[in-house]
1. Please identify which residues in segment 37-77 have an amide N closer than 13 Å to a label point set 7 Å out from the Cα of Glu500, following the Cα→Cβ vector.
2. Among the listed pairs Lys23/Lys49; Lys128/Lys237; Lys39/Lys534; Lys328/Lys635; Lys60/Lys237, which have their C-alpha atoms separated by more than 18 angstrom in this model?
3. In 10 Å bins starting at 0, how do the alpha-carbon pair distances of segment 172-236 split up by percent?
4. Working out 0.36 nm times the residue gap between Gln467 and Asp63, then minus their Cα-Cα distance, what length gain in nm do you get to one decimal?
5. With point charges of +1 on the Cβ of Lys and Arg and -1 on the Cβ of Asp and Glu, referenced to the Cα centre of segment 71-120, which listed residue (Ile111, Leu76, Tyr88) lies farthest in the positive direction of the dipole?
6. Taking 7 Å along the Cα-to-C-beta vector as the label spot, tell me the Thr261-Arg563 distance in nanometres, rounded to one decimal.
7. What distance in nm lies between label points placed 7 Å from Cα along the C-beta direction at Leu131 and Tyr81?
8. What fraction of the DSSP beta bridges in segment 39-111 is antiparallel, stated in percent and rounded to the nearest 5?
Amino acid sequence: MFPFLRSASLLLLALVLPVLAEKPQVLQTPHYRILYAKKYEPIAGEVLKVAEGVWPTLAKAYDAYSNYQTIDIFLLDPGDYANGEAVYPYSRVEIFVPHLNWVMRGRANWIGNVAAHEIAHVFSLRQKARLWIFSDATIGGGTINKEWNWSFLLPWVPLPAPNWWIEGIAQFESEAAGYDTWDSQRDMIVRDAWLTHSLPTLGEIETFDGEWIQGERVYNTGFAFLRYLRDRYGIDKVRQLAVPKPLFHFGGAVVAVYGKTLTELYSEWQASLAEHYGSFEELGRDTLFDRDIQGSFTQNLAFSPDGRTIAWLGNGDRDYALNWIYWKDTGDVTTRSGEPVMGEQGKAPGLHRNAQASTWGETQGAPQFWNNGTNPVLKRLPTTLPRNFSERRTDPPGTGRSDEISSTGLEFNHDGTRLLTTRNDWYSTYNDIWEYELHAALKSESEKWHRLTWNIRASYASYHPTQSHTIVFSKFDEGSSNVAILDSAGRVHELTRFQEGQQVYNPRFTPKGDSIYFTLGIGDREAIASISAKAAAWDPFANLEDSAQFPDSLNLAKGQRVRFITPLSRAAYRDLRFSGDTLFYSSNGRDGVYNVFARRANDSMEYRVTRNRTQALEPLSRNGNLYYQGYRQQKFQIFQQPLELKPEGKVPAATDSVPLLHAKKK
C-alpha cells in the first residue's frame, strides 16, 4: 500500500513462504481464498466479510464477470508495521495485520480499509491492463563503430496508467464501499499544498519518485481529483476511465470518457480548491519553535525536567522518514515552581544526535524479564548495536544511522539523564522499550542504549510520575493492542486483554499515578478512556486454565471496568499528555482539522487551545507556552504559541462501557 514498502516478486515469495510453512488455515468461497495463521482467524473472518461485500459492486463496475479469477488473500505479520499489496496479474493480495497508526493517515477501520483498497486494485487494474503473458517489452536499436552513432530504447508496459490514478481509484473504491473517508490527514496534505502554492503538476504525481512525502502526495492528490470528477460528472465516468486501453498515454482514456483533456480537468479541480480552503488563509501562520530543529519529519519534542535540554526525533537533511534522537542544550533552567531563570553564563547551546536511528524490533530467544543477579532492582542491560554506516552528512560529527523504520515516542526520565523510546533491534522488526543515556561521554554508542523488554511489540512508552522504573505502554498481539505496565523487576502486566481488534493508543499515567488514561479505538470510533493502574493483570501462566480473577473469556479482570472520559465517536483523539491536572490532546472531532483541546479534572468543559491551518499534534505545555507538531510546506515541524484555553463547549456524557466485555475464547 505504501510506495516505499512495495516489494519485488522475491520479497513477495519470502513473505508468503513463512505462512505456508505454518500450514495456514483457509477460508474459501467462489470468489476468494484467504490464507492465514490460526491465531488470526477473527481477522480472516473480517477480511472475508469485507471482500464479499465489495465483490458485487467491483465486479459490475469493472466488468469482471467474464474475466474473473479467484483472488488469493494472504494475511501476514512480518513485523510492527502496517501495509498491503496487490499483484493484479495473478489476482493476489497481501495484508499485514498490524494496525496502521501513522501521522500521514487516519487510523480508523484499518483492516476494512486495506482489504477494500487492495481488492479494488485487482479489479480496476485487471480491467485497465492488457493481460498478456509478458509483463513488459523493450524495443531498441542503434549503430556502433560509426563516425556518428545513434541508438534508441522504447520501453513499454501493458498498464498505461499513472500512479495517481492507480492509487487514487483504489482509495476511491474503498471510500465508496464505506471503509475509508477523506480524513483529516488526507485533507491536510492537499490543503497545505494549496495554501503554500505547491500543488503538484500531473507530471509530478505520475510516479513515486521523490522524498518520502511524495508517496502520500500521489495517493491523496489522485484521490481528491477523482472525488472531484465524481461530484462534477458522476461516479460512472470515474469508473469508465479503466475501460480504454491506450498503448502509451493515459490522456487518451480521459478524452474518450470526458471529451476533455486531462490537463483541462486537472485545472478545473485545482481552481475548485479555493472554495474549500480559502477560509484557512485567514488563520495565522504557525510560529516555528527552534530553527536548529531541522528536517521534514520532526516529532516527539521533549523537555528535560530542569529545562536545560530539549530532545526530539527527526530525519535531519535526509529525504526518507527515519528518525534519529536529537538533543540540544538550551541553557534554560527552570525552578520547581515553573518560573524560568537565566542559564549558565557563557554556555553555548549545543546540538547533538545519537549515532543510531531509534527504530522498531525484536531479538529472538531472550526472556521477557531478567535480573543480572547483583541487585533485586532491574539493571538496564546494554546491547551491542552494529548499526553505524559511513555516509556524507551535515549534522554533527560522530553520528551514524540505521536503515530501519522509526520509533514511537520520546520522554525524559525523572533526573533528565535518559530518554525513553520504543524501537527495534538490528536483526528484527518488532518493537521493544529502550532507554538512551544522554550524558555518558565515556561510553560507546552501543553502551548508551539499554534494552528493557524483549519481543514485546511495544509502543507509546511513558514513565510513572513518581516511580521512574515503572512504565506504561501499549502492547500489540494478534491484531489487537492492550494497556500494559513494565515494573521495576522487568515484569510485564497486561491490564486489558482485548482480542477482537480493539486498539490502545497513548496510555498515560494520571499525575497521581493511580489511573491510566488512553485512547481506545473500536472499529471506526475512538474515545478517551481510563482504567485503574492497580487493576489485576492477565497472567498467561495462571490462564492456561481459566483463572478465577481473569477468565480468558474476558477482556478485563473481574470487578474492573474501563471508564469512558469521552463518548465513542468518529472523532479521533491523539497524543494524550498531562500537564498538572489538565489533559491535553489533539482531535479532529470539531472541524475536521487536528487541533489541540484540553480538559481539566472534574470539569465537563472542553477547551480549545489551537485553531490551525493544517494540523496540531503532540501537544506539550510548558512555562505558559504550547508546543506542537505541525505540517507546513510538506514538512512536519515543531511550532509554538502562547497557551490559552478557550471554552469550546461541554463534552457529552460518556455512557459507553466495556466491563467484562466478552472476547473470543482461546
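1. Counting backbone N atoms under 13 Å from the label point, the list is 42-43, 46.
2. Values: Lys23/Lys49 23 Å; Lys128/Lys237 14 Å; Lys39/Lys534 29 Å; Lys328/Lys635 21 Å; Lys60/Lys237 14 Å.
In this structure, Lys23/Lys49; Lys39/Lys534; Lys328/Lys635 lie more than 18 Å apart at Cα.
3. Calculated over all Cα pairs of segment 172-236, the distribution is 19, 51, 27, 2 percent.
4. Numbers: separation 404, 0.36 × 404 = 145.44 nm, distance 6.25 nm.
Separation in residues times 0.36 nm, less the Cα-Cα distance, equals 139.2 nm.
5. Working it through, the farthest residue towards the positive pole turns out to be Ile111.
6. 6.5
7. In this crude spin-label approximation the distance works out to 3.2 nm.
8. Working: 4 of 9 bridges.
Here the antiparallel bridges make up roughly 45 percent for segment 39-111.
A short reminder: the numbers here are calculations on the coordinates, not readings from a lab. What you see is a predicted model; the values in this text were computed from it and never measured. Ideal geometry is used to build each Cβ from the backbone, glycine not excepted, and the neighbour counts take in all protein chains shown.
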